[in-house]
Amino acid sequence: MKSYFAIGIMSGTSLDGLDIAYVRFSKDEKWNFEVLDAHTFPYCEEWKKRLSTAIRLSAVELFTLNTTYGRYLGQQVQDFIHRYDIKRLDIIASHGHTVHHQPEKGFTVQIGDGRAIQQVCPYPVVYDFRSQDVILGGQGAPLVPIGDELLFSDFDACLNLGGFSNISFRQSERRIAFDVCPFNIVLNHYAQKLGKEYDAEGKMAALGRVNQDIVNQLDILSYYHQSVPKSLGLEWVEANIFPLLASLAPQDALATFSEHIVHQLCNVTEQYALKKVLATGGGVFNNFIINRLMENSSTEWLVPSPEIIHFKEALIFALMGVLRLRGENNVLASATGSSRNHCSGILLP
């Protein structure tokens, strides 16, 4: 039984840091995996600023950052390889960092040029997983459902609580997936107004006042009533979420938006009768929201080991890299809305 050794790199919209996972994969009747090493490299203040403001760069500035960030990714991977004394490596799979996501206009942009990664770290590299899906008529997101299908099919659904909350599950013999609502991309924004990087355990939100009128306005945003597949980006948050919360003090904005998150997640689990949900991503440590979910739904919210909580997306991008190396489909049309399942990512041998 052949084994593949892969590194997956994930940078989320919440800018928590760069997640890197080194994973061994093998396949008999189904895919098996073992996370051998994993580490999060926190972004320094300069990189947080550069990535958070990239959406406002000119084309020339963005192309320059694409190369610079690619070299940065390559250096972090090289440091990771040295840190864990990695000897066997078949593929590096990089998600990149999403700057623009407008599939309705025919494009999505994740910076971090794979050629720059490979220049610094000379191994086979796969990158730019999303663009092909958009060209095929899909949302370019979510991509993680292929891993949910192949590695975590024992659960009714897989929920990721990161910059955005997204979910995937099987329905009528096919896996569907979509972004449920924004999560840390909004919560971190208001926590930082209070001098914190994030709202640890949701303690600040728990002390805020919920503005029910604004919760009601958030709940009726048209996105939540669109059919799947569908996905969200920073542009949508800036146009639809921040204006509704603008009149609130930061602590009240945290409380109000947390209540909105609970409404949307409970709506989804009720609508699709999801009883056993695997929850991962940094948001699982927001005890305030998790407790509210438990109080307001009959769903069993299951939290796995810390390495799966933190590195599930990096793990799955590593798998996507292996599938690309094998020439096998690594994107599900039922999740993204593209015209067909396909094998995506630019491969640099």
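Things worth noting here:
- A Cβ distance below 6 Å, combined with a sequence gap of six or more or placement on separate chains, defines the contacts here; from the stretch 328-341, residues that are closer than 13 Å to Arg130 by Cβ reach residues that are charged (D, E, K, R) and open to solvent by 30 Å² or more (accessible area, probe 1.4 Å) in the pairs Asn330/Arg324.
- Among the residues of the stretch 310-326, those identified as open to solvent by 10 Å² or more (accessible area, probe 1.4 Å) and of a type in the set (A, V, I, L, M, F, W, C) are Phe311, Leu325.
- Hey, Glu197 of a type in the set (D, E, K, R), open to solvent by 10 Å² or more (accessible area, probe 1.4 Å) and in a loop (DSSP other than H, G, I, E, B) or not: yes
- Taken together, the residues in the stretch 69-95 that are of a type outside the set (Ser, Thr, Tyr) and in contact with a helix residue (DSSP H, G or I) (Cβ under 8 Å, 6 or more places away or on another chain) amount to 14.
- Gln251 meets the conditions (1) assigned to a helix (DSSP H, G or I); (2) open to solvent by 10 Å² or more (accessible area, probe 1.4 Å); (3) polar (S, T, N, Q); (4) over 27 Å from Pro42 (Cα atoms) in every case but one. The failed one is (4).
- For the stretch 296-312, the candidate set comprises residues that are in a loop (DSSP other than H, G, I, E, B) and touching a strand residue (DSSP E or B) at 6+ places or on another chain (Cβ under 6 Å); within that set, the residue that is farthest from Ala93 (Cα to Cα) is Thr299.
- Residue count for the stretch 21-37, restricted to those that are open to solvent by 60 Å² or more (accessible area, probe 1.4 Å), over 16 Å from Asp148 (Cα atoms) and assigned to a strand (DSSP E or B): 1
- Flag for Ala273 being under 18 Å from the mean Cα position of the chain (by Cα) and either surrounded by fewer than 19 Cβ atoms within 10 Å (Cβ to Cβ) or not in a helix (DSSP H, G or I) (or both): no
- Restricting the stretch 38-72 to residues that are assigned to a loop (DSSP other than H, G, I, E, B) and either open to solvent by 30 Å² or more (accessible area, probe 1.4 Å) or small (Gly, Ala, Ser) (or both), the residue that is farthest from Ile316 (Cα to Cα): Ser58
- When the residues of the stretch 88-102 are filtered to those that are more than 14 Å from Ala6 (Cβ to Cβ) and out of contact with any Asp or Glu (no Cβ under 8 Å at 6 or more places or on another chain), the one that is most open to solvent (accessible area, probe 1.4 Å) is Thr98.
- Qualifying residues in the stretch 103-117 (those that are closer than 14 Å to Gly345 by Cα and of a type in the set (D, E, K, R)) - the one surrounded by the most Cβ atoms within 10 Å (Cβ to Cβ): Asp113
- Being closer than 22 Å to Leu232 by Cβ and either outside any helix (DSSP H, G or I) or at pLDDT 95 or above (or both) holds for only one residue in Leu319, Leu293, Leu325, Leu315, and it is Leu293.
- Residues located in the stretch 1-24, provided they are among the charged types (D, E, K, R) and under 14 Å from Ile316 (Cβ atoms): Asp19
The values are calculated or read from the model by the stated rules, or taken from the named source; none is laboratory data. The structure displayed is predicted, hence computed values, not measured ones. Cβ sites come from the backbone with ideal geometry, for glycine too, and all protein chains shown count toward neighbours. Surface accessibility is based on the protein's heavy atoms, side chains included, excluding ligands, DNA and RNA. Shrake-Rupley method; radii C 1.70, N 1.55, O 1.52, S 1.80 Å.
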